[in-house]
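Colleague: The following block contains the structure, expressed as structure tokens.
A short reminder: the numbers here are calculations on the coordinates, not readings from a lab. Keep in mind that this is a model prediction, so the values were computed, not measured. Methodologically, a virtual Cβ is constructed for each residue, glycine included, from the backbone with ideal geometry; neighbour enumeration extends over all protein chains shown.
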Amino acid sequence: MRPAPFPIGNKFCPGDPDVKEKTLSYALLIPAFIIVLATTLYPLGYSFVTSFREWDLTKQRRPSGFVGVENYVHAASESGFQNSLWVTTIFVVTSVILTLVLAMSLALLLRRKGRMHTFTRIILILPFAMSPALIGVSYRFMFNPEFGVLAKGIGAVFPALEGTPWLASPDLAMAILVITDVWHWTPYMTFMCLGGLASIPRETEEAARIDGASNLRIIFGIVLPQMKGVLLVTAVLKTIFALKMFDQVVTLTGGGPGTSTETMAFFIFNVGFKWFDMGYASALAWILTAIMMLISAWYVRMLLSERKMAKA
Amino acid sequence: MAEVRLVDIEKRYGNFLAVPQQSLTIEDGEFLVLLGPSGCGKTTTMRMIAGLEEITSGDIQIAGERINDKPPKDRDIAMVFQNYGLYPHMTVRQNIEYPLKLRGVDKAARTKRVQEMADKVELGALLDRRPSELSGGQRQRVALARAIVRTPKIFLMDEPLSNLDAKLRVTMRAELKHLHHELGVTTVYVTHDQMEAMTLASRVAVMREGRIVQLDTPKKIYAEPANLFVAGFIGSPSMNLVDGAVRNGMFRAEGIEVPVSLADREGVVIGIRPEELEIAGDASASINGKLYALELTGDSTLVTLRSGQTMLCARGPADFEAPIDAPCHLTPKPGARIHLFDRASGQRLDGTRH
């Protein structure tokens, strides 16, 4: 250890300066910690406790009797939750795949710096800048069979589709829900992919060109394998966002027609704040959390092994 | 027969002229080095040969065939990059194999060929590793193996050694030279390191601002630099260049008087290499001044003399010692080459033998 450049300690300032500095840094963290505790950790803990209790919000002000894992057991057989699980699965899988494919393709098209460089990027970010709830409302208007601009536009191009009740058909409603979500998230994911592409050494592609690879082969054989890490992170993020997706269901389809677009987040909201069964809603929320954690853990493991491969 | 001819090629980026119109012929089996400071257009020139950069005008011919519009893969070239350009997601074996695979060579032949190449560049034991698990030198060997695996007509090497440490650079340099001797493939090599250029090249093209200012054998470039730029660029430590004038067969500048065979003339620059100067005993020497610095390099001492505003460097014996600021005298060795240049144009002036 090097000696201190000048004497510090008891003589000049009371107490050890190191300890003093540490105390101060912890003290400065306290407000942030209290806020996190109050807004995140406390509700999380409270909902976890609630998930083992019965709590009918119309009759009780506080959680009442302890019912063990009854709420969780109920979830395993209750049709509403089963349906929402299935709806969510379809939504997550299609929207993640579509967003990733679109984002990666757009990034490949946009990576070259051209005259439209800045312009395309500004245009691109617009959908992401919009609030999801607003997107739901606008798409509902645009797909209105009476006056919606998209519904009318599609009808004009394909007369057979004129008057299609877009949001009144279960499959079409789900498709439109996926479209709005893909439309909203693709820009952000495109930027992530662009970042990833920028970090690929240009020489690898040039070497492949000289070695005799075709353009497609360069993309699939050279570029995409090097993008694996970025694509994995993008997939994790998109999956989590898709699992939590709520606003668009409320403003676009309201879970309908029937229960065809009732995603887990929406279903849990209904259980808790329409039917006031807080105990069951808490249990469902924790199931959703567990699913997200499992998926994330799996992704992170893939990512780590990928890193190891690239680094080791 | 794989001669490369660049005929009146030119490269512009918008309004910026990167490589002005010029021609260059690289002969079959030749090791041509494009040498110059960064940004002098040497890499651009090589990339035009590779087809990675389009040419604005002119023609490129490989083995007599015009290849302007051919994509890189159809030019039958191989390239080694400064940053290796290895495929990080493939093993060493897959990296070396890739060009063969793309050209539809069958599996058995590929395996055999990869093994041969790996042995040639001493990578045999590392075939199943990934590039990230290799050292810089090993990576460059993989890049080399990948380039030679399908015996192309032309090798292009873009500063292949500049990412390696000094010691490794010297070993790899020798290996490159041996490899070229063994394969005899026409090679174009880009570098800013004059040592690499001198040691490797059959001919060196010194470039400046996109233009080839001298194209000659290393020996000739060292002995007879065509202009001030080449004179200052080639040689380490670089050639002493002093402004002055010629009067009555004598070049004169502050503290310097060297006999030359040139008619009287103003605005002359004299050039003497440090290794062609020796330390003299007294003030009757050609160059007189004060000792400015001594630098021991091991086998010799670099002696820097200061005369007015001018500094001159000489390579003296390793055991030379003198106090700084002591009077110091230098004189050209017998038979030393004295180079004279025109100050204004920078061009070499004739009749410069001492």
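Colleague: With +1 assigned to the C-beta of every Lys and Arg and -1 to the C-beta of every Asp and Glu, and no other charges, what is the dipole magnitude of chain A about the Cα centre in debye, to the nearest 20? Before the final figure, lay out the partial values.
Modeller: Details: 26 positive and 19 negative charges, 234 e Å.
The calculated dipole for chain A is roughly 1120 debye.
Colleague: Between A:Pro63, A:Pro201, A:Pro145, which gets the highest mean-square fluctuation from a Gaussian network model of chain A, Cα cutoff 10 Å?
Modeller: Answer for the Gaussian network model of chain A: A:Pro201.
Colleague: Turning to a different aspect of this structure: Cα centroid distance between segment B:184-205 and segment A:171-244, in Å?
Modeller: So the two Cα centres are separated by 41 Å.
Colleague: Another one. Could you please rank A:Met302, A:Met293, B:Met172, placing first whichever residue has the fewest other Cβ atoms within 10 Å of its Cβ? Numbers along the way, then the final one.
Modeller: On the way: A:Met302 15, A:Met293 11, B:Met172 20.
If I rank by nearby Cβ atoms, fewest first, I get A:Met293, A:Met302, B:Met172.
Colleague: If you average the sequence gap of Cα pairs under 8 Å that are 6 or more apart and divide by the length of segment B:264-354, what percent do you get for the contact order?
Modeller: Details: 181 pairs, mean separation 32.8, N = 91.
Computed value for segment B:264-354: 36 percent relative contact order.
Colleague: What are the principal axis extents of the Cα atoms in segment B:239-297, in Å, biggest first?
Modeller: Cα extents, longest axis first: 38, 23, 17 Å.
Colleague: Post the alpha-carbon centroid distance, segment B:102-143 to segment B:226-282, in whole angstrom.
Modeller: 51 Å
Colleague: Can you put A:Trp275, A:Trp286, A:Trp55 in order of Cβ neighbours within 10 angstrom, beginning with the fewest?
Modeller: Values: A:Trp275 14, A:Trp286 20, A:Trp55 23.
Exposure proxy ranking, most exposed first: A:Trp275, A:Trp286, A:Trp55.
Colleague: Also: Given springs between every Cα pair under 10 Å in a Gaussian network model of chain A, which of A:Leu24, A:Leu41, A:Leu288 has the largest fluctuation?
Modeller: A:Leu24
Colleague: I've got another one for you. By Kyte-Doolittle mean hydropathy of at least -1.0 and Cα axial length of at least 30 Å, which whole DSSP H helices of chain A are selected? Mind dumping the intermediate values first?
Modeller: Working: long enough: A:79-110 (45 Å, 1.79); A:170-198 (41 Å, 1.02); A:278-311 (48 Å, 0.85).
Those that pass (Cα extent of 30 Å or more, hydropathy at least -1.0) are A:79-110, A:170-198, A:278-311.
Colleague: Let me ask you something else. Taking the Cα atoms only, what angle lies between the long axis of helix B:107-120 and the longest principal axis of chain B, rounded to 10 degrees?
Modeller: Relative to chain B, helix B:107-120 is tipped by roughly 20 degrees.
Colleague: In addition: With respect to the cross-link table entries B:Lys70/B:Lys153; B:Lys73/B:Lys153; B:Lys120/B:Lys219; B:Lys11/B:Lys220, which display a Cα-Cα separation exceeding 19 Å?
Modeller: From the list (B:Lys70/B:Lys153; B:Lys73/B:Lys153; B:Lys120/B:Lys219; B:Lys11/B:Lys220), the Cα-Cα distance tops 19 Å for B:Lys120/B:Lys219; B:Lys11/B:Lys220.
Colleague: Same structure again: Pull up all non-local amide H partners of B:Phe31: gap of 5 or more, or a different chain, and H-to-H distance under 5 Å with H placed in the peptide plane.
Modeller: Here B:Thr187, B:Ser202, B:Arg203 satisfy the definition.
Colleague: Report the convex hull volume per residue for segment B:4-229, counting only C-alpha atoms, in Å³.
Modeller: Values: hull volume 28.6 nm³, N = 226.
Enclosed volume per residue, from the Cα hull, is 126 Å³.
Colleague: Note the full-extension length gain between A:Thr39 and A:Ala156 as 0.36 nm times their separation in residues minus their Cα-Cα distance, in nm to one decimal.
Modeller: 37.1 nm
Colleague: Take segment B:237-349, drop everything but the C-alpha atoms, weight them equally and run the Debye formula without solvent; then report log10 I(q)/I(0) at 0.11, 0.20, 0.21, 0.22 Å⁻¹ to two decimals.
Modeller: Log10 of I(q)/I(0), two decimals: -0.33, -1.03, -1.12, -1.21.
Colleague: Indicate the gyration tensor shape class of chain A (rounded, prolate or oblate), computed on the Cα atoms with a ≥ b ≥ c the square roots of the eigenvalues: a/c under 1.5 is rounded; otherwise a/b larger than b/c is prolate and the rest oblate. Don't skip to the answer; put the middle values down first.
Modeller: Values: a/c = 2.08, a/b = 1.08, b/c = 1.92.
Cα axes put chain A in the oblate bin.
Colleague: Just to be sure I understand: with springs between alpha-carbon atoms less than 10 Å apart, which residue in B:Glu266, B:Glu275, B:Glu54 has the highest mean-square fluctuation in the Gaussian network model of chain B?
Modeller: Maximum fluctuation in the GNM of chain B, among the listed residues, is at B:Glu266.
Colleague: For the protein assembly as shown, with only Lys/Arg (+1) and Asp/Glu (-1) charged at the beta-carbon, what is the dipole magnitude about the Cα centre, in debye rounded to 20?
Modeller: On the way: 71 positive and 65 negative charges, 203 e Å.
Here the size comes out at about 980 debye.
Colleague: Sticking with this one: Please compute the contact order of chain B in relative form: average sequence separation of alpha-carbon pairs under 8 Å and at least six residues apart, divided by the residue count, as a percent.
Modeller: Values: 746 pairs, mean separation 53.1, N = 354.
Rounded, it is 15 percent for chain B.
Colleague: Taking neighbour counts of Cβ atoms within 10 Å as a proxy for exposure, in what order, fewest first, do B:Leu127, B:Leu305 appear?
Modeller: Numbers: B:Leu127 18, B:Leu305 24.
Fewest-to-most Cβ neighbours within 10 Å comes out as B:Leu127, B:Leu305.
Colleague: Let me ask something additional. Once phi is turned into θ = phi - 60°, what whole-Hz ³J(HN,Hα) does the Karplus curve with 6.51, -1.76 and 1.60 give for every residue of segment A:246-261, x standing for Gly and Pro?
Modeller: Once rounded to whole Hz, the list reads 9, 3, 5, 4, 4, 8, 9, 10, x, x, x, x, x, 10, 5, 10.
Colleague: With a sphere of radius 10 Å drawn around the Cβ of B:Arg146, what net charge do the other residues whose Cβ falls strictly inside it have (Lys, Arg +1; Asp, Glu -1)? Walk me through the numbers before you get to the answer.
Modeller: Working: positive: B:Arg141, B:Arg150; negative: A:Asp211, B:Glu97.
Residues near B:Arg146 contribute 0 overall.
Colleague: Another question, then. If each DSSP helix of 4+ residues adds -39,500 (n - 2.57) and the sum is divided by the residues in the protein assembly as shown, what number results at 222 nm, nearest 500 deg cm²/dmol? Walk me through the intermediate numbers first.
Modeller: On the way: 21 runs with 290 residues, N = 666.
Counting only the DSSP helices, I get -14000 deg cm²/dmol.
Colleague: Per residue of segment B:69-82, what does 6.51 cos²θ - 1.76 cosθ + 1.60 with θ = phi - 60° give for ³J(HN,Hα)? Whole Hz please, x for Gly and Pro, Karplus curve as stated.
Modeller: 9, 8, x, x, 5, 9, 8, 6, 10, 9, 10, 10, 9, 4
Colleague: May I pose another question? Using only alpha carbon pairs under 8 Å that are at least six residues apart, calculate the relative contact order of chain A and give it in whole percent.
Modeller: Numbers: 329 pairs, mean separation 81.9, N = 312.
That works out to 26 percent.
Colleague: For the protein assembly as shown, rounded, prolate or oblate, judged on the Cα gyration tensor with a ≥ b ≥ c (square roots of eigenvalues), a/c < 1.5 rounded, else prolate if a/b > b/c?
Modeller: Working: a/c = 2.87, a/b = 2.00, b/c = 1.43.
Judged from the Cα gyration tensor, the protein assembly as shown comes out prolate (a/c at least 1.5, a/b above b/c).
Colleague: In chain A, if the dipole is taken from +1 on Lys/Arg beta carbons and -1 on Asp/Glu beta carbons about the Cα centre, which of A:Ile222, A:Phe266, A:Leu150 is farthest to the positive end?
Modeller: Of the listed residues, the answer is A:Ile222.
Colleague: For segment B:122-169, what class follows from the C-alpha gyration tensor (a ≥ b ≥ c being the square roots of its eigenvalues): rounded when a/c is under 1.5, otherwise prolate if a/b is larger than b/c, else oblate?
Modeller: On the way: a/c = 2.32, a/b = 1.11, b/c = 2.09.
Because a/c hits 1.5 or more and a/b fails to exceed b/c, segment B:122-169 counts as oblate.
Colleague: Could you tell me the distance between the Cα centroids of segment A:26-74 and segment B:9-50, to the nearest Å?
Modeller: Measuring centre to centre over Cα atoms gives 71 Å.
Colleague: Return one number: the angle in degrees, 0 to 90 and rounded to the nearest 10, between the long axis of the Cα atoms of helix B:136-148 and the longest principal axis of the Cα atoms of chain B.
Modeller: The answer is roughly 60 degrees.
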